[in-house]
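Comments concern the structure below.
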Amino acid sequence: MAEFSCMPQAVELGADGRPKFLLPPLPYATNALEPVLSAKLVEIHHDRHHKGYVDGLNKAVSSIAAACKAKETANVRALSDALAFNYGGHVLHTLYFSQLNPNGAKAPEGDLAEMIDRDFGSFDLLKGWLTAAAVGVQGSGWAVLAWDSLGRQLVVLQTEQHDKVLGWGMLPLLAIDVWEHAYYLDYENKRAEYVPKLLGIVDWATIGQRLSVTMAMTMTQ
Ligand code: MN3
């Protein structure tokens with residue numbers, strides 16, 4: 001579980017020798033997140049919705065490769081949209097499911113705790129801002145705690161769908177899904193009740209690992 005919690009294996013080579021994206025298995029039983037998220041909700045969200053983005057991503061990538069080789073450029077806009085939408089959905093759902101653990105660390109430590117205090121004032125202030133960002137997303141989208149690789153600071157983003165209103169170079173560390181499929185079965189339309197409960201089962205040790213890896217990856221010379 002510790003190995004899985006930062007980022008699971010992403011691809012295998014397909015029959016054509018090209019990378020094929022994989023749906024990561026849940027790192028826990030579907031009922032492990034109760035009572036915050038029911039087993040039925042987790043099963044539908046992972047096995048149908050997340051799988052749909054993985055399938056859509058593999059289809060977009062192979063369609064683009066085929067169209068490129070055939071010099072068929074008429075659908076470049078639609079295929080580019082499909083690639084961005086499904087890639088965003090796959091990345092964010094991978095982060096989402098692997099960051100949740102009711103028995104995980106309840107507060108950040110080390111570099112993550114220091115950066116949160118520096119950039120947001122305190123852990124409580126960050127949680128307040130992140131919650132407001134998640135609850136306030138118009139329609140379907142996400143709130144994301146991200147690493148700004150140019151400014152070398154933590155930022156909170158709101159993302160529409162999976163791929164709109166992104167900042168290039170801002171790498172997601174913690175992702176809060178506020179599409180209705182993420183909570184409606186358990187919370188109906190009460191997104192403001194779902195978000196704080198979800199934040200209560202985030203494993204902050206996992207977020208700290210992601211920050212360490214991301215900071216090292218984006219180290220400036
Ligand atoms: Mn979702």
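The numbers here are math on the coordinates, done by the rules we state, and not lab data. Note that the structure is a prediction, hence the values are computed from the model and not measured. Don't worry about glycine lacking a Cβ; one is built from the backbone with ideal geometry, like all the others, and counts go over all protein chains shown.
Taking GluC sites (Glu not before Pro) across region 26-130, the ones in a DSSP loop with at most 15 further Cβ atoms lying within 10 angstrom of their Cβ are Glu72, Glu109.
For region 157-170, backbone phi angles converted through the Karplus equation (6.51, -1.76, 1.60; θ = phi - 60°) give residue-by-residue couplings of 10, 9, 10, 8, 6, 10, 9, 9, 6, 8, x, 4, x, 9 Hz, Gly and Pro being listed as x. Relative contact order, whole percent, for region 1-100 stands at 31, derived from Cα pairs under 8 Å and 6 or more residues apart. From a point 7 Å beyond the Cα of Arg152 in the direction of its Cβ, which residues of region 191-221 have a backbone N at a distance under 18 Å? Taking a point 7 Å out along Cα→Cβ of Arg152, the residues of region 191-221 whose backbone N falls under 18 Å are 211-221. Sparse packing (at most 14 other Cβ atoms within 10 Å of the Cβ) combined with a DSSP loop state is found for the following GluC sites (Glu not before Pro) in region 174-208: Glu188. In the chain, the longest principal axis of the Cα atoms and the axis of helix 51-69 are about 40 degrees apart. Note on the chain: GNM, Cα springs under 10 Å; of Asp124, Asp163, Asp16, the largest mean-square fluctuation is that of Asp16.
Using the Cβ-Cβ distance between Glu160 and Asp16 with R0 set to 45 Å, the FRET efficiency works out to roughly 0.85.
Among the chymotrypsin sites (Phe, Trp or Tyr not before Pro) found in region 134-221, those both in a DSSP coil and sparsely packed, with 16 or fewer other Cβ atoms within 10 Å of their Cβ, are Trp168. For region 114-189, just say rounded, prolate or oblate: build the C-alpha gyration tensor, square-root its eigenvalues into a ≥ b ≥ c, call rounded for a/c under 1.5, and beyond that prolate if a/b exceeds b/c, oblate if not. Verdict is oblate for region 114-189. Of Gly136, Gly17, Gly167, the residue with the greatest mean-square motion in the GNM of the chain, using alpha carbon springs below 10 Å, is Gly17.
With a simple spin-label model that places each label point 7 Å from the Cα along the Cα-to-Cβ direction, the separation between Ile64 and His181 comes to 2.1 nm.
Here is how the number arises for the chain: DSSP H runs of 4 or more residues each give -39500 (n - 2.57), the sum is divided by the residue count, and the result at 222 nm is -14500 deg cm²/dmol. Over the chain, what is the relative contact order in percent, taking alpha-carbon pairs closer than 8 angstrom and at least six residues apart? Reported relative contact order: 23 percent.
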